[in-house]
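Every number in this text was worked out from the coordinates using simple rules, so none of it is lab data. All values derive from a computational prediction rather than experimental measurement. Cβ: placed from backbone, ideal geometry, glycine included. Neighbour counts: every protein chain shown.
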Amino acid sequence: MKNKLLQVMPDWIKNPLRQIRNRLHTFFITIYFYGNKRFCPVCGKSSRIFKTAGTTPRQDARCIHCGALERHRFVWLYFLKKTNLFDSIPKKILHVAPEPCFEHKLKDSFGENYITADLQNPHAMVRMDITDIQYPDQYFDVIYCSHVLEHVQDDRKAMREFHRVLKNDGWAILLVPITRDVTYEDPLIIEPEARFKAFGQDDHVRRYGFDYVDRLKDAGFEVIISKVNDLFNTKDAIRMGLTPAAGEIYYCTKQCASS
C-alpha cells in the first residue's frame, strides 16, 4: 500500500520522502550493527557483525558499509600482502564484472589504466565477451575476474583469452566457487530450473571442483593456490569474516614468464 501511494505522488513529494526513508534506514542499520567485533579490510570500517547474504543465506557475510563479502575481503588482503598491485608502478588492469566495493578504490588508484568490463552490465566501461577479448596480445599487467567463469559456456576459451592478453610478467587472479571434488557440467542443461538444480544457480553452467586448477594450467598458466589459513591466524580470520565461504585464491602467471 505504501509503495502504491508513493507511485501516484508527484516527484516533488515522492523524492524527498524516499530520501528521508533511505536516511532513516541507514541510521537504524548503523545503530543495529554498531560495534567493533568485525573489521572490513576493504573499507577499513568496523561493525558488531556482518550482514546475512547469499542465495543460500550465510550469516556474518556482507560488510554493512561497503558490501564486501567474504571472498572480497580475502582477495583485497591478498592484493595488499601478496601482490605488487599497489607498488606505485603504473599498470594496465582489467577488472571483469566489477564489484562495487572495489571499483571506486581501483579507479582512484589507477585512473585511465583501470578498465572494467562486462558482457551485460551497462555501467562497465567496456562491453566484453571474455571468450573473444578485443585487446591485443600482452596488453594487461593485471587481470582480476571473480565468480564469472561458472557463467561462461566455453570457459577454457576464456582462460586462453586471459592468457593471451596478459603480459609475460603480469598476473591474474581468476576466482570461481569450488562446490564439488570434480567439475560437473552438461551443455544440454539449459532451462533455468534445471540449471538451478544441477549447478546451484539458474545462470550457472557448471559446478567447479578442485580440478579447476588443471583447466588454468591447460590454458598456459602457472597457479599458486592460497587459503585463508595460509595468511591469517584464526583470531584475525574471525574478526575479518574470512570464513570457508572466502574460498581460495588462484594466482596465475604465464608459464613462459619463467622459461
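Contact order, relative form, for the chain: 16 percent (alpha carbon pairs under 8 Å, 6 or more residues apart, mean separation divided by residue count).
Counted by neighbouring Cβ atoms within 10 Å, the residues LEU242, LEU175 run from fewest to most as LEU175, LEU242.
Straight-line reach from LYS227: taking Cα to Cα under 15 Å and skipping same-chain neighbours fewer than 8 places apart, the aspartates and glutamates in range are GLU70, ASP236, GLU248. Here the chain carries DSSP beta bridges of which approximately 45% are antiparallel, counting only pairs with both residues inside. Calculated from the structure at hand, P(r) over Cα pairs in 10 Å bins from 0, in percent is found among (i) 7, 29, 35, 23, 6, 0; (ii) 8, 34, 39, 18, 1; (iii) 6, 25, 32, 23, 10, 3, 0 as (iii). Mind checking which of MET240, MET125, MET159 has the largest fluctuation in a GNM of the chain, springs on alpha carbons under 10 Å? Looking only at MET240, MET125, MET159, the biggest GNM fluctuation is shown by MET125. Between GLN138, GLN19, GLN153, the GNM of the chain built on Cα springs shorter than 10 angstrom shows GLN19 fluctuating the most. Please work out the Cα center distance from segment 71-113 to segment 222-246, rounded to the nearest Å. For segment 71-113 versus segment 222-246, the Cα centre distance is 19 Å.
Measuring between alpha carbons in the structure, the pairs from LYS51/LYS91; LYS45/LYS217; LYS51/LYS81; LYS81/LYS197 lying more than 28 angstrom apart are LYS51/LYS91; LYS45/LYS217; LYS81/LYS197.
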